[in-house]
Amino acid sequence: MSIKSLQVLLAAAVCTKAGKAIVSRQFVEMTRTRVEGLLAAFPKLMNTGKQHTFVETESVRYVYQPLEKLYVVLITTKNSNILEDLETLRLFSRVIPEYCRVLEESEISEHCFDLIFAFDEIVALGYRENVNLAQIRTFTEMDSHEEKVFRAVRETQEREAKAEMKRKAKELQRARQDAERAGKKSPGFGGFGSSGMSSVISATIITDTIEPEKPKVASAPVRSSGSSKALKLGVKGKEVDNFVDKLKSEGENIITSSAGRKASEASKVLQPPVNLESVHLRVEEKISLTCGRDGGLQNMEVLGMITLKVADEKNGRISILINNNDKKGAQLQTHPHVDKKLFNTESLICLKNQEKSFPLNSDLGVLKWRLQSTDESLIPLTINCWPSESGSGCDVNIEYELQDEGLELNDVVITIPLPSGVGAPVVGDLDGQYNHDSRKNILEWSLPVIDEKNKSGSLEFSMDGNPNDFFPIHVSFVSKRNFCDIQVAKVTYVEEGSPVKFSSETSFVVDKYEIL
């Protein structure tokens with residue numbers, strides 16, 4: 001007897017209980033009409049009330065398994081080994097939940113190509129390959145180390161090219177400025193008059209004495225304008241940028257490189273207010289927190305800063321009144337050029353030399369604070385995870401509770417790692433929404449708002465694994481209320497004492513928040 005007559009598996013399909021094919025993969029040459037005819041005849045062959053996993057006709061054998069309202073069906077020759085067929089069927093039934101969150105016709109149709117690629121990894125030319133679920137996932141992802149290295153090198157080259165372009169531009173600008181200084185008058189000061197000149201000089205002096213939060217990079221000595229490799233790299237980087245811009249203009253969705261960025265920065269950053277005044281203040285805080293799974297705060301650090309930006313020269317000589325309602329023990333520190341005694345006595349931020357102005361159009365950190373503690377009562381959001389082993393795997397219960405009721409946390413995402421190769425979790429009771437990412441082996445629990453009206457909630461799910469598989473848990477959120485309750489009360493002119501119209505924004509974000 002020839003090898004072809006002993007062919008094990010003819011086709012694998014997912015169909016409805018009426019025999020309608022949703023997705024089918026043939027491993028031998030078969031027409032569509034033939035496959036649809038075999039699947040249409042399949043429901044009529046099953047005897048109701050009998051516990052069987054296969055049925056036979058004169059020519060083929062159907063090995064099947066129910067999946068809620070659907071069937072996974074393997075069509076084999078009658079000479080195939082039924083035990084091997086059942087083992088293959090079990091692997092097929094475990095693959096499908098890896099790509100489909102719900103076992104419904106629409107979900108199967110949406111991920112049909114993913115399923116076909118996975119089916120091809122299980123069976124080749126009618127015979128089962130020696131693979132498991134984890135290997136199938138790896139093969140279908142087509143993860144290539146060489147490709148990662150290539151992309152990393154290319155991104156590094158592009159970054160270096162852009163940096164070289166900026167450096168060259170600054171050199172040329174410096175050369176132009178030197179040429180202008182060699183002349184009688186710099187065109188940049190034209191039209192200001194004597195008063196305008198004095199104010200510009202004053203602003204220049206204070207800019208040199210007070211370093212902004214983002215210091216300017218010192219320009220390198222001017223070099224000849226001849227061609228060089230660095231200049232060619234810059235041109236190449238510019239071509240890449242132009243190509244990306246062209247793709248964006250044609251409606252393509254371009255994802256920019258995120259190399260070197262921390263995972264916590266994936267949190268959505270609060271947008272600044274639309275109407276920015278000429279005096280704008282930002283109150284920003286970042287929290288880094290590490291807790292143990294059995295309780296206990298290992299470390300918590302909150303770093304805060306008030307940043308000032310003055311856009312109008314007439315508002316350069318101002319004082320800022322700070323409303324400090326912090327009761328958690330934050331340590332405050334002013335900028336070296338701010339009058340520290342005045343701040344300690346009257347909570348006013350003002351320059352030591354009140355004849356000078358704050359720098360224009362620069363973000364200047366005028367006040368910063370730091371809070372470090374291991375006091376569990378200061379944890380803004382507690383996370384308790386209770387994984388318990390059962391006969392069929394692990395039952396996991398996760399609870400959150402907002403301890404600081406004065407906070408309002410937005411876009412909260414609690415990320416739980418999952419064991420690989422065991423399928424999707426079975427989610428029970430749930431507050432909010434969840435998303436299972438089978439590629440990254442994580443379960444993301446999302447809550448739009450956590451505040452005093454919605455201060456606690458829970459999530460329950462079950463899946464194979466042991467308790468250590470569900471740690472560490474990571475949390476991210478944003479808030480428009482800061483943690484240490486330090487705010488800007490008002491802004492006034494130094495001389496007149498009259499109020500100055502200003503705008504402000506407050507943000508409290510996560511740098512690191514994990515339960516180990």
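Of the residues 500, 488, 510, which is touching a Leu at 6+ places or on another chain (Cβ under 7 Å) and either acidic (Asp, Glu) or outside the structural domain of residue 404 (by the TED database) (or both)?
Details: 500 fails: touching a Leu at 6+ places or on another chain (Cβ under 7 Å); 510 fails: touching a Leu at 6+ places or on another chain (Cβ under 7 Å).
Selected residue: 488, the only one of 500, 488, 510 that is touching a Leu at 6+ places or on another chain (Cβ under 7 Å) and either acidic (Asp, Glu) or outside the structural domain of residue 404 (by the TED database) (or both).
Which one is nearest to the chain's Cα centre (by Cα), of the residues in the stretch 455-482 that are part of a loop (DSSP other than H, G, I, E, B) and under 14 Å from residue 282 (Cα atoms)? Give the derivation first.
First, pick out the residues of the stretch 455-482 that are part of a loop (DSSP other than H, G, I, E, B): 455, 464-466, 471-472, 480-482.
Now narrow it down to the ones that are under 14 Å from residue 282 (Cα atoms): 480-482.
On the way: 480: 19, 481: 22, 482: 22 Å.
Checking each candidate, the answer is 480.
Among the residues of the stretch 438-449, are any of a type in the set (Gly, Ala, Ser), assigned to a loop (DSSP other than H, G, I, E, B) and either open to solvent by 70 Å² or more (accessible area, probe 1.4 Å) or not assigned by the TED database to the domain that holds residue 348 (or both)?
From the stretch 438-449, those of a type in the set (Gly, Ala, Ser) are 438, 446; that's our starting set.
Checking the rest, the ones that are also assigned to a loop (DSSP other than H, G, I, E, B) come to 438.
Restricting the remaining residues to those that are either open to solvent by 70 Å² or more (accessible area, probe 1.4 Å) or not assigned by the TED database to the domain that holds residue 348 (or both) gives 438.
Within the stretch 438-449, one or more residues are of a type in the set (Gly, Ala, Ser), assigned to a loop (DSSP other than H, G, I, E, B) and either open to solvent by 70 Å² or more (accessible area, probe 1.4 Å) or not assigned by the TED database to the domain that holds residue 348 (or both).
Does the stretch 381-437 hold any residues that are small (Gly, Ala, Ser), over 24 Å from residue 302 (Cα atoms), open to solvent by 20 Å² or more (accessible area, probe 1.4 Å) and part of a loop (DSSP other than H, G, I, E, B), and which are they?
Residues of the stretch 381-437 small (Gly, Ala, Ser): 388, 390-393, 406, 420-421, 423-424, 428, 432.
After this cut, where a residue has to be over 24 Å from residue 302 (Cα atoms) as well, the list is 388, 390-393, 420-421, 423-424, 428, 432.
Next cut, open to solvent by 20 Å² or more (accessible area, probe 1.4 Å) only: 388, 390-392, 420, 424, 428, 432.
Result: 391, 392, 420, 424, 432.
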- [ ] Can you tell me which residue within the stretch 134-158, out of those that are free of Cβ contacts under 8 Å to residues at least 24 places away in the same chain and charged (D, E, K, R), is farthest from residue 8 (Cα to Cα)?
- [x] 154
Open item on the list: Quick check on the stretch 306-317: of everything there that is surrounded by 16 or more Cβ atoms within 10 Å (Cβ to Cβ) and hydrophobic (A, V, I, L, M, F, W, C), which residue is farthest from residue 478 (Cα to Cα)?
Closed with: 310
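Would you confirm whether any residue within the stretch 334-353 is assigned to a strand (DSSP E or B) and over 20 Å from residue 496 (Cα atoms)? Spell out the reasoning first.
Step one: filter the stretch 334-353 for residues assigned to a strand (DSSP E or B), giving 334, 338, 348-349, 351.
This time we only want the ones that are over 20 Å from residue 496 (Cα atoms), so: 334.
Looking through the stretch 334-353, at least one residue is assigned to a strand (DSSP E or B) and over 20 Å from residue 496 (Cα atoms).
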Task: strands (runs of 3 or more DSSP E) contained in the stretch 15-133 and holding at least 3 residues open to solvent by less than 30 Å² (accessible area, probe 1.4 Å) and touching a residue at least 40 places away in the same chain (Cβ under 8 Å) - done: 70-77
Task: Qualifying positions in the stretch 492-516 - over 21 Å from residue 371 (Cα atoms) and out of contact with any Pro (no Cβ under 7 Å at 6 or more places or on another chain) - done: 493, 494, 495, 496, 497, 498, 499, 500, 501, 502, 504
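The values are calculated or read from the model by the stated rules, or taken from the named source; none is laboratory data. All values derive from a computational prediction rather than experimental measurement. Every residue, glycine as well, gets a Cβ built from its backbone with ideal geometry; the counts of neighbours run over all protein chains shown. What goes into the accessible areas is simple: the full protein's heavy atoms, side chains included, and nothing from ligands, DNA or RNA. Shrake-Rupley method; radii C 1.70, N 1.55, O 1.52, S 1.80 Å.
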